[in-house]
Amino acid sequence: MTDTVGTPAAERGEALTSIDLDVQGMTCASCAARIQKKLNRIDGVRAAVNYATARAHVLAPRGTTSEALIDVVRAAGYDAGPPDPSEDAEAAARARTEAIRRRLVVSAAIAVPVMAVSMVTPWQFPGWQWVAFALTTPVLFWSGRGFHRSAWVNLRHGAFTMDTLISVGTLAAYLWSAFCLIFGNAGTLGMKHPFSLHLVRADSLDAVYFEAACGTITFILLGRWIEARSRSEAGSALRELLTMGARAVHVLDDDGTETTRPIEALRVGQCFVVRPGEKIASDGEVVEGASAIDAHVITGESVPVDVGPGDRVVGATLNTNGRLVVRATAVGADTQLSQIAHLVEQAQTGKSNAQRLADRIASVFVPVVIVLALLAFCAWLVAGAGVGFAITAGVSVLIISCPCALGLATPTALLAGTGRGAQLGVVIRGPEALERARAIDTVVMDKTGTLTRGEMSVQRITAAPGEDEDRVLVAAAALEAGSEHPIARAVVARAAGRGPAPAAGDFRV
């Protein structure tokens, strides 16, 4: 983060504020790179825009408003707004995926016959090229309307994105084919496309390329649909992390009565009751009772930990076998679970070195491809190949450059990795940590419970001289049968099938 004289704001000791924005309208990594570049031009601002999460994370000098940042995003041709906590992100992701799927189904249903009749000579009936023209039109202007709209919006702001390649390439193939139909020989009834493995250079108007326009739109939509599904599934891990906490809490009033309320109603300092088998509603301190707490969702420790009055407990952990009265010490966004979720979200928004490289390439990729397409057109024209062949060569360069795998694969992998890690109890500090993890060859754990299944078992029985091991085991199981302790459950499980267990009287834990 630098100011106008190049001194990092953090080094100058300036107070910084963190602002998150939901960004709408991005269609590829080039869009994210463009928005990030615009935001970083603001004095003292450091922004990271992630295409996979559609989120911008901004560190700005205190006093910077989100409205000022939103205006910059809008000036770049996109839209943005503060995250809406009430929005159902999962439902919105499903709706976007379903919209892409509908366009894909229509496009594929039309593209398959168009591509078949255009590429298989015996299937080319009289007038097939006009039928292909009619069928390609809705695919290009309905199924592909999002690409053209995005290309136009970005062009108005002097920007080029992957959608520019898709729009220019498919429109060029469509319009050139329509020109050949109307003004050339391609519209003649009985015209056929002969199949050949040889490259033929000709300056003729007797060929059409509707299958290129139709097929490109369909395959790009297929990629966008797969991408949308991957992003939705990867993001679901973070959503599951956020839903691990309790939804209701049994608040203990001053007169000793219990009232069940939504978790949002809990306040710091209030006492609440946690029964066996329930999740602890929020971070707090045990006031009354004793139990064993299963905290593996937070700590990774698979063995429950005994707690009593004065011990601290963490929200979303499981109370196994005792009634507890807990005084809340943190609620809402201040709880450890919320802090973990925030760290995971920040990790997904951040960028690794590989992602920064991909963004730099994506930002110049589109203009370079357009220049190469023009060079290909001019080179074939100068070589005497003819206008028709030269246009075909230029359009081919545009079409084969449409997919943006480099800009997509890296942020999606980061999103999936950090989200899945959080789901398994591994919080990844940031993208750099995830990237450096490939060099790890040794892992040192401070707790054996982190590495186990969390289910104790009896490994060996040592009986006193003259005593039978099975008899000792059965007697021990009779004593442990009334306990919920992990060791007790292991002894009882080992004794199963070893004979009838005697009953234990006057049992106390």
Could you check G77 against (1) in a helix (DSSP H, G or I); (2) open to solvent by less than 30 Å² (accessible area, probe 1.4 Å); (3) modelled with pLDDT under 90 and say which number it fails? (1)
Do we find that G146 is in contact (Cβ under 8 Å) with a residue 40 or more places away in the chain, surrounded by fewer than 24 Cβ atoms within 10 Å (Cβ to Cβ) and farther than 17 Å from A212 by Cβ in this structure? yes
State yes or no: is L155 in contact (Cβ under 8 Å) with a residue 24 or more places away in the chain and either closer than 30 Å to K192 by Cβ or in a helix (DSSP H, G or I) (or both)? no
Quick test for you: out of V287, V274, V325, pick the one residue that is modelled with pLDDT of 90 or more and buried (at least 20 other Cβ atoms within 10 Å of the Cβ). V274
Of the residues that sit in the stretch 37-64 and are part of a loop (DSSP other than H, G, I, E, B) and within 29 Å of W225 (Cα to Cα), which one is most open to solvent (accessible area, probe 1.4 Å)? T53
Where in the stretch 402-498 are there helices (runs of 4 or more DSSP H), lying wholly inside it, with at least 2 residues that are at pLDDT 85 or above? 469-480, 486-495
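The values are calculated or read from the model by the stated rules, or taken from the named source; none is laboratory data. Source: prediction; values computed, not measured. Backbone-built Cβ (ideal geometry, glycine too); neighbour counts: all protein chains shown. These area figures cover heavy atoms from the full protein model, side chains too; ligands, DNA and RNA do not enter into them. Shrake-Rupley method; radii C 1.70, N 1.55, O 1.52, S 1.80 Å.
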